[in-house]
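The values are calculated or read from the model by the stated rules, or taken from the named source; none is laboratory data. It should be emphasised that the depicted structure is a prediction, and the values quoted were computed from it without experimental measurement. When the accessible area is computed, the model is the full protein with side chains, heavy atoms only, and any ligands, DNA or RNA have been set aside. Shrake-Rupley method; radii C 1.70, N 1.55, O 1.52, S 1.80 Å.
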Amino acid sequence: MDEEERKTTQDRVLEAALAHVAFDGWTETTLRAAIAESGAEPALARALFPRGAVDLALYWHERGDRTMLDRLAATDLADMRFRDRVQTALRLRIEAIGDKEALRRSMALFALPLHAPDGTRALWRTCDHVWAALGDTSDDVNWYTKRMSLSGVYSATLLYWLADNSSNDADTWAFLARRINEVMRFERLKGQVQANPLMKPFLVIPNWLGRQVRPPKGVDDLPGSTNPSR
(Lines give C-alpha, C1' and ligand atoms only; values in the text may rest on other atoms or scores of the structure.)
Protein backbone atom coordinates (compact mmCIF):
# COMPACT_ATOMS: atom_id res chain seq x y z
CA MET A 1 0.00 0.00 0.00
CA ASP A 2 1.43 3.37 -0.99
CA GLU A 3 1.18 6.55 1.08
CA GLU A 4 -1.83 7.91 -0.79
CA GLU A 5 -3.82 4.70 -0.37
CA ARG A 6 -2.92 4.57 3.31
CA LYS A 7 -4.14 8.11 3.93
CA THR A 8 -7.29 7.51 1.91
CA THR A 9 -8.19 4.53 4.09
CA GLN A 10 -7.31 6.38 7.28
CA ASP A 11 -9.44 9.34 6.19
CA ARG A 12 -12.42 7.08 5.44
CA VAL A 13 -12.24 5.51 8.88
CA LEU A 14 -11.77 8.89 10.55
CA GLU A 15 -14.72 10.50 8.76
CA ALA A 16 -16.94 7.61 9.82
CA ALA A 17 -15.63 7.86 13.38
CA LEU A 18 -16.37 11.57 13.80
CA ALA A 19 -20.11 10.85 13.71
CA HIS A 20 -19.68 8.65 16.79
CA VAL A 21 -17.06 10.56 18.79
CA ALA A 22 -19.57 12.99 20.30
CA PHE A 23 -21.48 10.08 21.83
CA ASP A 24 -18.85 7.41 22.50
CA GLY A 25 -15.61 9.42 22.58
CA TRP A 26 -12.35 8.22 21.07
CA THR A 27 -13.00 4.63 22.12
CA GLU A 28 -12.94 1.09 20.83
CA THR A 29 -16.72 1.34 20.32
CA THR A 30 -16.21 4.28 17.97
CA LEU A 31 -13.38 2.57 16.11
CA ARG A 32 -15.37 -0.62 15.55
CA ALA A 33 -18.34 1.33 14.20
CA ALA A 34 -16.09 3.44 11.98
CA ILE A 35 -14.39 0.41 10.45
CA ALA A 36 -17.74 -1.20 9.68
CA GLU A 37 -19.30 1.96 8.22
CA SER A 38 -16.25 3.02 6.21
CA GLY A 39 -16.06 -0.29 4.39
CA ALA A 40 -12.37 -0.60 5.21
CA GLU A 41 -10.96 -4.08 5.49
CA PRO A 42 -10.87 -4.70 9.29
CA ALA A 43 -7.37 -6.18 9.41
CA LEU A 44 -6.00 -3.30 7.35
CA ALA A 45 -7.74 -0.69 9.49
CA ARG A 46 -6.36 -2.29 12.63
CA ALA A 47 -2.89 -2.24 11.13
CA LEU A 48 -3.23 1.47 10.32
CA PHE A 49 -4.35 2.23 13.88
CA PRO A 50 -2.36 -0.36 15.86
CA ARG A 51 -3.18 1.15 19.26
CA GLY A 52 -6.81 1.52 18.38
CA ALA A 53 -8.77 4.66 19.13
CA VAL A 54 -5.83 6.60 20.55
CA ASP A 55 -4.05 6.32 17.18
CA LEU A 56 -7.27 7.36 15.49
CA ALA A 57 -7.41 10.49 17.67
CA LEU A 58 -3.76 11.24 16.93
CA TYR A 59 -4.42 10.87 13.21
CA TRP A 60 -7.28 13.37 13.54
CA HIS A 61 -4.83 15.77 15.18
CA GLU A 62 -2.19 15.21 12.50
CA ARG A 63 -4.74 15.80 9.75
CA GLY A 64 -5.63 19.11 11.39
CA ASP A 65 -1.96 20.08 11.33
CA ARG A 66 -1.76 19.28 7.62
CA THR A 67 -4.89 21.31 6.91
CA MET A 68 -3.44 24.26 8.80
CA LEU A 69 -0.15 24.06 6.89
CA ASP A 70 -1.93 23.85 3.53
CA ARG A 71 -4.08 26.87 4.33
CA LEU A 72 -1.12 28.79 5.71
CA ALA A 73 0.88 28.11 2.54
CA ALA A 74 -2.01 29.54 0.51
CA THR A 75 -2.19 32.70 2.65
CA ASP A 76 -0.31 35.86 1.70
CA LEU A 77 1.75 36.69 4.78
CA ALA A 78 4.14 39.13 3.13
CA ASP A 79 2.63 42.34 4.50
CA MET A 80 1.82 40.97 7.97
CA ARG A 81 3.72 41.73 11.13
CA PHE A 82 5.29 38.62 12.58
CA ARG A 83 2.83 38.52 15.48
CA ASP A 84 -0.01 38.57 12.95
CA ARG A 85 1.54 35.66 11.08
CA VAL A 86 1.66 33.62 14.29
CA GLN A 87 -1.90 34.62 15.11
CA THR A 88 -3.05 33.66 11.62
CA ALA A 89 -1.40 30.24 11.88
CA LEU A 90 -3.05 29.45 15.21
CA ARG A 91 -6.41 30.68 13.99
CA LEU A 92 -6.15 28.45 10.92
CA ARG A 93 -5.27 25.51 13.17
CA ILE A 94 -8.31 26.07 15.39
CA GLU A 95 -10.57 26.52 12.39
CA ALA A 96 -9.29 23.20 11.05
CA ILE A 97 -10.75 21.48 14.14
CA GLY A 98 -14.33 22.43 13.36
CA ASP A 99 -15.93 19.95 15.77
CA LYS A 100 -15.75 21.21 19.36
CA GLU A 101 -17.10 17.99 20.80
CA ALA A 102 -14.37 15.98 19.08
CA LEU A 103 -11.83 18.30 20.69
CA ARG A 104 -13.44 17.92 24.14
CA ARG A 105 -13.31 14.16 23.80
CA SER A 106 -9.72 14.35 22.60
CA MET A 107 -8.71 16.45 25.60
CA ALA A 108 -10.39 13.97 27.92
CA LEU A 109 -8.49 11.09 26.27
CA PHE A 110 -5.09 12.77 26.45
CA ALA A 111 -5.66 13.91 30.03
CA LEU A 112 -5.43 10.25 31.07
CA PRO A 113 -1.97 9.43 32.48
CA LEU A 114 -1.52 6.59 29.98
CA HIS A 115 -2.02 8.89 26.98
CA ALA A 116 -0.76 12.23 28.35
CA PRO A 117 2.67 11.84 26.66
CA ASP A 118 0.94 11.35 23.31
CA GLY A 119 -1.13 14.49 23.84
CA THR A 120 1.92 16.50 24.84
CA ARG A 121 3.83 15.38 21.75
CA ALA A 122 0.86 16.23 19.53
CA LEU A 123 0.64 19.73 21.01
CA TRP A 124 4.39 20.23 20.66
CA ARG A 125 4.38 19.10 17.05
CA THR A 126 1.60 21.53 16.17
CA CYS A 127 3.61 24.42 17.57
CA ASP A 128 6.77 23.14 15.90
CA HIS A 129 4.90 23.05 12.57
CA VAL A 130 3.85 26.66 13.08
CA TRP A 131 7.35 27.92 13.84
CA ALA A 132 8.91 25.90 11.02
CA ALA A 133 6.32 27.18 8.53
CA LEU A 134 7.03 30.75 9.61
CA GLY A 135 10.76 30.31 9.01
CA ASP A 136 12.17 29.82 12.51
CA THR A 137 15.90 29.08 12.33
CA SER A 138 16.79 29.06 16.04
CA ASP A 139 19.24 26.32 16.97
CA ASP A 140 19.71 26.82 20.70
CA VAL A 141 17.55 27.10 23.80
CA ASN A 142 15.32 29.58 21.97
CA TRP A 143 14.05 26.67 19.85
CA TYR A 144 12.47 25.28 23.02
CA THR A 145 11.29 28.52 24.60
CA LYS A 146 9.47 29.60 21.43
CA ARG A 147 7.56 26.33 21.24
CA MET A 148 6.82 26.32 24.96
CA SER A 149 5.39 29.84 24.76
CA LEU A 150 3.30 29.00 21.72
CA SER A 151 2.05 25.80 23.35
CA GLY A 152 0.75 27.86 26.26
CA VAL A 153 -0.98 30.33 23.97
CA TYR A 154 -2.52 27.61 21.82
CA SER A 155 -3.72 25.55 24.78
CA ALA A 156 -5.31 28.54 26.50
CA THR A 157 -7.01 29.63 23.29
CA LEU A 158 -8.40 26.14 22.69
CA LEU A 159 -10.00 26.13 26.14
CA TYR A 160 -11.44 29.60 25.55
CA TRP A 161 -12.78 28.56 22.14
CA LEU A 162 -14.63 25.58 23.61
CA ALA A 163 -16.73 27.91 25.75
CA ASP A 164 -17.07 30.70 23.19
CA ASN A 165 -20.58 31.40 21.94
CA SER A 166 -19.79 34.71 20.24
CA SER A 167 -20.63 35.36 16.61
CA ASN A 168 -18.00 33.79 14.31
CA ASP A 169 -15.89 33.09 17.41
CA ALA A 170 -14.97 36.77 17.57
CA ASP A 171 -14.20 36.62 21.29
CA THR A 172 -11.78 33.75 20.73
CA TRP A 173 -9.81 35.64 18.10
CA ALA A 174 -9.66 38.69 20.39
CA PHE A 175 -8.43 36.44 23.21
CA LEU A 176 -5.80 34.94 20.91
CA ALA A 177 -4.59 38.41 19.88
CA ARG A 178 -4.16 39.39 23.53
CA ARG A 179 -2.16 36.27 24.33
CA ILE A 180 0.11 36.79 21.30
CA ASN A 181 0.68 40.41 22.35
CA GLU A 182 1.68 39.28 25.83
CA VAL A 183 4.25 36.87 24.40
CA MET A 184 5.61 39.56 22.10
CA ARG A 185 5.96 41.98 25.01
CA PHE A 186 7.96 39.36 26.87
CA GLU A 187 10.18 38.76 23.84
CA ARG A 188 10.71 42.51 23.52
CA LEU A 189 11.69 42.69 27.19
CA LYS A 190 14.19 39.87 26.69
CA GLY A 191 15.73 41.80 23.80
CA GLN A 192 16.02 44.95 25.90
CA VAL A 193 17.72 43.05 28.70
CA GLN A 194 20.18 41.48 26.25
CA ALA A 195 20.96 44.89 24.75
CA ASN A 196 21.52 46.57 28.11
CA PRO A 197 25.32 46.96 28.62
CA LEU A 198 24.86 46.91 32.39
CA MET A 199 23.37 43.42 32.18
CA LYS A 200 25.96 41.87 29.88
CA PRO A 201 28.36 40.70 32.64
CA PHE A 202 25.50 38.87 34.34
CA LEU A 203 24.34 37.21 31.11
CA VAL A 204 27.63 35.70 29.95
CA ILE A 205 27.13 32.33 31.65
CA PRO A 206 23.34 32.04 31.02
CA ASN A 207 23.86 32.92 27.35
CA TRP A 208 26.71 30.42 27.02
CA LEU A 209 24.59 27.68 28.57
CA GLY A 210 21.68 28.56 26.28
CA ARG A 211 23.91 28.13 23.23
CA GLN A 212 24.84 24.61 24.31
CA VAL A 213 21.23 23.41 24.08
CA ARG A 214 20.41 22.13 20.62
CA PRO A 215 17.10 21.36 18.90
CA PRO A 216 16.20 17.67 18.57
CA LYS A 217 17.29 15.87 15.43
CA GLY A 218 13.71 14.80 14.75
CA VAL A 219 10.22 14.96 16.23
CA ASP A 220 10.92 11.81 18.26
CA ASP A 221 14.23 13.05 19.61
CA LEU A 222 12.94 15.07 22.55
CA PRO A 223 13.99 16.80 24.72
CA GLY A 224 17.11 17.29 22.61
CA SER A 225 20.72 17.31 23.69
CA THR A 226 23.63 19.53 24.55
CA ASN A 227 26.49 20.12 22.15
CA PRO A 228 29.80 20.17 24.01
CA SER A 229 31.67 21.31 20.87
CA ARG A 230 29.99 24.69 20.82
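Per residue and in Å³, how big is the convex hull formed by the alpha-carbon atoms of the stretch 39-110?
Values: hull volume 8.4 nm³, N = 72.
Cα convex hull per residue, to the nearest whole number: 116 Å³.
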Discussion item. Residue by residue through the stretch 165-179, what is 3J(HN,Hα) from phi via Karplus (6.51 cos²θ - 1.76 cosθ + 1.60, θ = phi - 60°)? Round to whole Hz and write x for glycine and proline.
Written reply: 10, 6, 5, 6, 6, 4, 5, 5, 5, 5, 4, 4, 4, 5, 5
Response to the item:
Expressed in angstrom and ordered largest first, the alpha-carbon extents of the stretch 27-151 along the principal axes are 48, 31, 25
Worksheet item: Measuring with a 1.4 Å probe in the full set of protein chains, what accessible area per residue, in whole Å², belongs to the stretch 35-173?
Response: 48 Å²
Item to complete: For the stretch 83-182, just say rounded, prolate or oblate: build the C-alpha gyration tensor, square-root its eigenvalues into a ≥ b ≥ c, call rounded for a/c under 1.5, and beyond that prolate if a/b exceeds b/c, oblate if not.
Response: oblate
